[in-house]
Amino acid sequence: MSLHFAALLRRHGLLVAFALFLALVAVQAEAFLTPSNVLDVLRQVSIIGMMALGVTFVVVAGRLDLSVGSMLTLLTVIVVDRTNAFGPGLAILVTLLAGLAAGAWNGLLVGVFRLNALIVTLAMLSFLQGLTLAYSGGSNVNVADGTTWFAAFGRGSLWGIPAPVVIFALSAAVLAFVLKRTRFGRAIFAVGGNETAATYSGIDARLVVFAAYCLSGLTTAIAAIIMGSRVMGAQNTIGQGYELTVLAGVILGGTSLLGGSGSIGRTVLGVAMLGFIQNGLLLMGYPYYVQWLVTWGIIILAVWIDLGAKRGRILA
Amino acid sequence: QDAAPEWLGGALKKPLSETRIGITVLYPGSNAYQAKYAETAEAYTAELGLDATVMDPQGDPATQFNQIQDMSSQNMDAIVVWPTSQNALIPAIGGASRAGIPVITSNSPIGEGGRRYVAAHTGPDDCIQAEQSAEMLGEALGGSGEIVVVEGTPGYTVSILRKNCFLDRLADAYPDVTILESQPADWNRERAQTVMETFLTKYGDEIDGVYAFDDGMGLGVVSALKGAGKQPGDVKVVTCNQFGEGWDQMREGWMTGTNKQSPVDDAILAIQTAVKVANGIEVPETQKIDTPKVTPDNVDAFERPSW
Amino acid sequence: MTTPILTVAGITKTFPGVRALSDVSFDVRPGEVHALVGENGAGKSTLMKVLAGLHQPDAGRIVHHGREVAIASPLDARTRGILLIHQELSLSPELSVAENIYLGAWPTNRFGILRKRAMREAAAAALEALGCDFGPDVRVGTLSIARQQMVEIARAQAFNANLVIFDEPTASLTEAERAQLFATVAQLRSQGVGIVYISHKMDEIFSITDRITVLRDGTVQGTVETAATDVDSITRMMIGRDLSSYFHRARADFGEETLGIEGLHVPGLVHGVDLSVRAGEVLGLYGLVGAGRSELVEAIFGIRRASAGRMRWRGREIPLPTPRQAVDLGLALVPESRKEQGLVLGLGGRDNITLPHLARFSTLGVMRPGAETRVFDRFRDELSIKTTGPDQPVGLLSGGNQQKFVLAKWLCAEPRLVILDEPTRGIDVGSKSAIHELIAGLAEQGLAVIVISSEMPEVLGVSHRILTMADRRITGSFTGDEMTEETLIGAVSAGPAALPSAAE
Amino acid sequence: MSVAETPRRAVAAGDWIMRNHIWVFLALTVAVFSFASPYFLTVNNLGNLLTQGAFIGILAVGMTLVILNGEIDLSVGATLALSCALAIGLQTSIGTWPAVIAALLAGAGLGLLNGLVVALSGMHSFVVTLGALIGIRGLVFVYTGENALMVEDFAYTEIAEVYLGPLSLTALVFFGLAAAFQWLLTNTRHGRETYAVGDNVAAAHDAGINVKRHKIVNFTICGTMAAVAGILLSMRLGTAEPNAGRIWELWTIIAVVLGGTRLSGGYGSLWMTVGGVLTLAVLRNGLRLLNTPNYVELMVMGGVLLLALALDRALLTREGAR
Ligand SMILES: Nc1ncnc2c1ncn2[C@@H]1O[C@H](COP(=O)(O)OP(=O)(O)OP(=O)(O)O)[C@@H](O)[C@H]1O
Ligand SMILES: Nc1ncnc2c1ncn2[C@@H]1O[C@H](COP(=O)(O)OP(=O)(O)OP(=O)(O)O)[C@@H](O)[C@H]1O
Ligand SMILES: [Mg+2]
Ligand SMILES: [Mg+2]
């Protein structure tokens, strides 16, 4: 009982620290907590956030996905290029399928053939970079027709809320439900927590991991659609380094890299924290390198605090 | 193909098909200009019938260093380098030059210390471009105002030149233009948009002008301006190096100034110079390609860039 | 009376939320084997970890060789001659035998460079003294469990230990290996070493120990001379009541065949096994560790892919199932290792119970938490599981309670056939008898049951029929009066590589 | 015991190949490229190749120790950049060699910091060094003010221009360090305990091995190696680029894993790592010589990585036990 209470307190400690940070920045930069800035930040993190949703499933299943950054690049190039070729509807379909296919490939190698996730997805990172260059011939692509409804995903809004935020929030809600309340979600936790035991319970761990990667490919495809629409174009470097930011967001939320624990809510919190930290530091006018230093400190501090809260949860 | 092309101005020492030229281009994967440059280099060398290689060091000086070394050990007839770094490549270029292989730097020059190893330099001048941008922005603002700057990936030569030359020129010519803030967006259009959105939140209507290091980021800036409900011309956006989409935006009034730089001309000049040097034909130490200013007034006089 | 090697007095140790030891006192004399017994979670391992320097006590004194000491670390314990041989082996599989023997205390010269030759020779001597059949250079990962245990014991030899603690050493040993271990224990004892021996197996306790100390809920119930007591009184001290009858055999009331297997073959692991079990029947599967029993049932359950074999399920010929299909058919496999195969330690009891039956507790893929909680509550009450709630991670529970969750997980979906692989390994006598009762109950409800056990009395006590396995084949089938210790031993040790029968 | 050893000798060769499959792979790639490009097997090219590979190689030496320990270090690229910058930037104020030493100390210090945070907090090193990867890069920019720093005296770049036959100083340092640390791994207590910790932490801890100390020491070594690579890079380039070493940490990890060292720790060697590093260098150099377009190179690298992983897995399953 007391153990739970203490853990709860310390977990709130993380939130309190975050709230303190928000307050601190708000004092320094009055624009920080205005609704328009908050919406801005949410819109900015919605791409990273969208990807982090799928990656959370992968991480809870005890694996890693470092290929999402270059996957985002490729899929953004595809969605923009295909919009020009087929129009938005078909382009979006193609992109979703391509994302699914890329995720399925990762899932096949990691889930079914049980190869090391770090290396497989690193290889995929390199491979997709090459594929992007081969596909685009190295040049930027732009949406030719500026008036297409494709623009709605990145630039539109619904009841005053930016479309990316709406998409992200809806996806987060759906996926949070999937992870917490469905058979698939339960299987993800079981596989991440103890793959052997899951197998002995009749759960096909290979299929579950495969599905997690497919989901990660799918959320990355949605992120790419938002990205393509926000930018109305694509660049061959547009997703470069995003894999680490995504992972940082997931970890910051407190999802353990060892698998078997974590939640979508925490990932959303982690990603939002990253976004607000960056936005806050930018608003306070710190040079980018100071932002990096602060990010370093915050990642370590936040994970440390979180770990403290979880300690002793499971006997060693 | 063995007849000497007209532009050569001399005789071929050996057939073009036996002339081996290595080209290493900063980071073609990263933007349209470089991609077009690399593409042109491939196409043009093929057209000439040269035995040529185009390489991509992905912006990493150490990799480019290796590439130059590898090309030297293959005894290329000439090497064209679009350097990733002003100084880091000097030892490699020195090595090539000692091995008797002429090196042409293209687009950006290398540092003073290495100039003596370089047979020739061709290309636009990033510094002049940045100065032009400072002039166009200062002028558009009528000599005073407050601006923000959206930088490329910090630490690379182009970024450094486009920053320092801009700042120097602005301070000289328009001391009343003040810089509110400067943040990098890594040549990334989406990040440029994010950075600009934050600037708008922070400074609101205080911002009179924006300088973005390239047109791609400039487009991100314009997206942010549109998102904030600005009208064309409310905020003066000046960039370097116009892209096709930037040309459209300029005609719509969103862009205030930039300059034209042709990757096609850039690549062709470098290759021609390399072929000349390989055949022992005298070339000027530096050959510049023009980077005329482009403003809404004269934009229609330029063709829409295809990159 | 000789002075004790070690005396502990008033040791108390609490973990967050648990008082594992309170005011524990006992002593170990040179040349004695001192048994430590108690229910699961009584605190035996914790007490030994305190002696081995892995835990620091909250209160109490430890007197070693007449001097009061504080045992700061495992290395400290070892340099004092106190050595713990863990319940779970504690070796580095990639390192050599010699390196493992001296792990943490490798001899080095002044510059920190290993004196490999010296280490090797000393290790070889220690192995020789114990009569081991492997050398100091072998990689430990390639050795069998029993040999790995010998490596740990060789540590005691090499460090001239004066107190050696065995924590459930025989859990995964064959009879022959067990006999070898007892010989080693006798050898150490004759050297004047004090030995603490933890086990749940009463026959072992009574055959090799000199004194017995009983722990219950972290307190000492008493220390008695082994010769002056018997199993029943020790059991009473452990669980606080009489254990009426030790084994329960179900009424023999068989129905139709539930499962039939023919010619099941798993390359290298199971060779041509035929087997049949009827509703209401308890089929014992006896064999020595390594005979292939686990592999056989894993193949039936679809965890291992069989290369050949036919399966009949309730009168119908069916293809060999995948684990998923097996569960859906109504097969249940309670695996031998609950921590690795049985439970997801980070999940709560409720989620563990329903894990194999997610479809049953969901509608259109969405879980129904209410239904899950109801099942959880039912089994918590039925099996009297000690847990704070449906979400308490099962990793926090003691071994016995974990095992009950594994059982609950497999019983909640009313299976037709339950396979139990070593269901009582590491389980105290009280819980053991509860599990035997449960097995009998299942059969009487008309389920078919297969029980794997390496404990002869257990198989004999609960089964209607016994199959013996040796060398990955079925070697015999026994019913009624044929089921005796002699016939079973004969059947599992038949063949050219007959093992010396264990001293029982 | 000889009974147990005799059949072992018979399978020793097979066992050797299983444990050193990377060298077979390397021989294969060398053969392919020698056939495909006339420039590949020239002394000059091989010399270049070794020098080029040596930077990742030196990082990989440190990384191997950390991985054997069961940890990972994502910050080596950034540390390399910082040391590179310090080695050059400090020369004017404190002189060449003191600057080099300061750069080494900075690398060691950052490694120590990583090690301390990992050991004392119990966090996953992936997280800790992911943070450091971002933060240390920030330090580089703080120090360089985002400009590339250049040596005043180009004599500095000649320090590394020492050759032993085709072997440059950098390559020699790499091989020297690999050999030295291999010796350390097999012959010293720290080395063997590094394996013990990576193999089975619980066993190592229970045996009284100071797990934390070993992790701290190995992270410090890893940071120091990054500094060594950084210093050599500063000598090679004469310049400190603030972006030097970007994504090199990934190449380093790839080289180590390609060699066959197990990512979860406890198994591997520097001998394997050298094989992995050389294979990577040969592939990159060979593909360049063949004038493969960049995107093909990227795809081939991805493919080779998978191939090596699959090979490793295939051999592992054959080996059975683990
Ligand atoms: N590290 C720990 N943290 C919290 N509680 C612990 C820890 N180690 C043991 N316990 C608890 O202390 C009690 C005693 O456990 P211990 O392992 O000593 O039992 P045991 O007598 O060895 O049981 P078994 O026969 O099952 O091995 C149990 O309730 C257990 O849950
Ligand atoms: N020769 C051996 N070397 C190493 N480990 C062994 C050996 N034999 C058995 N084991 C280990 O003992 C355990 C039981 O082995 P196995 O499953 O083959 O036999 P079993 O007949 O099912 O025995 P049980 O169910 O009693 O454990 C396995 O986990 C296996 O790793
Ligand atoms: Mg115990
Ligand atoms: Mg078994």
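Listed here are the pairs B:Lys36/B:Lys163; B:Lys202/B:Lys226; B:Lys163/B:Lys293; B:Lys202/B:Lys260; C:Lys13/C:Lys432; which of them are more than 21 Å apart at the Cα?
B:Lys36/B:Lys163; B:Lys202/B:Lys260; C:Lys13/C:Lys432
Secondary structure note: in chain B, about 5% of the DSSP beta bridges are antiparallel.
Gain on full extension, evaluated as 0.36 nm per residue between C:Ser233 and C:Glu382 minus their Cα-Cα distance, stands at 50.9 nm. At a probe of 1.4 Å, how much accessible area disappears from chains D and C on forming the pair, both sides counted, to the nearest 100 Å²? So the total buried area for this chain pair works out to about 2300 Å². Peptide A:240-248 shows a mean partner chain C-beta count of 3 within 10 Å per residue C-beta.
Tell me, which residues of the range A:32-59 get at least 40 Å² less accessible area when the other protein chains come in, versus the chain alone (1.4 Å probe)? The answer is A:Gln44 - residues whose exposure falls by at least 40 Å² when every protein chain is included.
Using a probe of 1.4 Å on the protein chains alone, the accessible area found for C:Ile11 is around 0 Å². For chain A, a Gaussian network of Cα nodes joined below 10 Å ranks A:Leu125, A:Leu258, A:Leu74 by mean-square fluctuation, and the top entry is A:Leu258.
Among beta bridges from DSSP that stay inside the protein assembly as shown, the antiparallel ones total about 45%.
Taking amide H positions as modeled 1.01 Å from N, with prolines and chain starts lacking one, the residues under 5 Å from B:Met255 and 5 or more places away or on another chain are B:Met250. Computed on the range C:215-373, with alpha-carbon pairs under 8 angstrom and 6+ residues apart, the relative contact order is 15 percent. Taken along the Cα-to-beta-carbon direction at a fixed 7 Å, the label points for C:Ser190 and C:Glu317 span 6.1 nm. By accessible area, using a 1.4 Å probe on protein heavy atoms only, the range A:33-239 has 71% of its surface on carbon and sulfur. Highest mobility in the GNM of chain B, judged by mean-square fluctuation with C-alpha springs under 10 Å and restricted to B:Gly209, B:Gly246, B:Gly143, is found for B:Gly143.
Ligands, DNA and RNA aside, C:Lys116 has an accessible area near 80 Å² when probed at 1.4 Å. Within the accessible surface of the range D:33-320, defined with a 1.4 Å probe on protein heavy atoms only, the carbon and sulfur portion equals 68 percent. A loss of 50 Å² or more of accessible area (1.4 Å probe, protein heavy atoms, ligands and nucleic acids excluded) relative to the isolated chain is seen in these residues of the range A:110-124: A:Leu115, A:Leu118, A:Ile119, A:Leu122, A:Ala123. What percentage of the solvent-accessible surface of the range C:37-153, computed with a 1.4 Å probe over protein heavy atoms, is contributed by carbon and sulfur atoms? About 48 percent, which is the carbon plus sulfur part of the accessible surface. Listed by chain and number, the lysines whose C-alpha is less than 28 Å from the C-alpha of B:Lys13, apart from same-chain residues fewer than 8 away, are B:Lys276, B:Lys288.
In sequence order, the range D:55-61 has phi-based couplings of 5, 4, x, 5, 4, 5, 4 Hz under the Karplus curve 6.51 cos²θ - 1.76 cosθ + 1.60, θ = phi - 60°, and Gly or Pro positions carry x.
With every protein chain in place and a 1.4 angstrom probe, the accessible-area ranking of B:Lys163, C:Lys49, largest first, reads C:Lys49, B:Lys163. Per-peptide packing, taken as the mean over residues of other Cβ atoms within 10 Å, places D:253-260, C:311-318, C:485-492 in the sequence D:253-260, C:485-492, C:311-318 from highest down. Cβ distances below 4.7 Å define possible disulfide partners, and in chain B the cysteines left without one are B:Cys240. In the full protein context, the protein assembly as shown carries 36 Å² of accessible surface per residue, based on a 1.4 Å probe and ignoring ligands, DNA and RNA.
Using only side-chain charges placed at the Cβ, +1 for Lys and Arg and -1 for Asp and Glu, the dipole size of chain B relative to its Cα centre rounds to 680 debye. Projecting the alpha carbon convex hull of chain C along each direction and taking the average yields 25.7 nm². Once the Kirkwood radius over Cα pairs is known for the range A:33-239, the Stokes-Einstein relation at 25 °C and 0.890 mPa s delivers a diffusion coefficient of 142 µm²/s.
Label sites at C:Arg249 and C:Arg61, each approximated as a point 7 angstrom past Cα along Cα to Cβ, lie 5.5 nm apart.
Taking every DSSP beta bridge that has both ends in chain C, the antiparallel portion is near 55%.
Heavy-atom accessible area for C:Ser96, with the other protein chains in place and a 1.4 Å probe, reaches approximately 20 Å². Taking all protein chains together and a 1.4 Å probe, the residues B:Lys260, C:Lys409, A:Lys180 rank A:Lys180, B:Lys260, C:Lys409 from largest to smallest accessible area. Surface listing: D:Phe181, C:Phe405 arranged by accessible area from highest to lowest gives D:Phe181, C:Phe405, probe 1.4 Å.
Between C:Asp76 and C:Leu269, residue separation times 0.36 nm minus the direct Cα-Cα distance comes to 65.1 nm.
If you wrap the range C:338-414 in the convex hull of its Cα atoms and look at it from every side, the mean projected area works out to 4.6 nm².
Remark: accessible area buried at the A-D interface is about 3400 Å², both chains counted, probe radius 1.4 Å. Amide H to amide H distances under 5 Å link B:Glu151 with B:Gln183, B:Ala185, where only residues 5 or more positions off or on other chains count and H is placed in the peptide plane. Amide H contacts of C:Ile452: C:Leu285, C:Leu420, C:Asp421, C:Glu422, each under 5 Å away and 5 or more positions distant or on a separate chain (H built 1.01 Å from N in the peptide plane; Pro and chain starts excluded). Report the Rg/Rh value for the protein assembly as shown, based on alpha-carbon coordinates and the Kirkwood definition of Rh. Rg/Rh for the protein assembly as shown comes to 1.02. For chain B, the calculated P(r) over all alpha carbon pairs, in 10 Å bins from 0 to the bin holding the longest distance, is 6, 28, 31, 20, 11, 3, 0 percent. For the range B:141-160, a reduction of at least 30 Å² in accessible area between the chain on its own and the assembled protein chains (probe 1.4 Å) is found at B:Pro154, B:Gly155, B:Tyr156, B:Ile160.
Excluding ligands, DNA and RNA and using a 1.4 Å probe, chains A and C jointly bury around 2400 Å² of accessible surface, summed across both partners.
The values are calculated or read from the model by the stated rules, or taken from the named source; none is laboratory data. Model, not experiment: these values are computed from the prediction. Ideal geometry is used to build each Cβ from the backbone, glycine not excepted, and the neighbour counts take in all protein chains shown. SASA here: full protein model, heavy atoms, side chains in, ligands and nucleic acids out. Shrake-Rupley method; radii C 1.70, N 1.55, O 1.52, S 1.80 Å.
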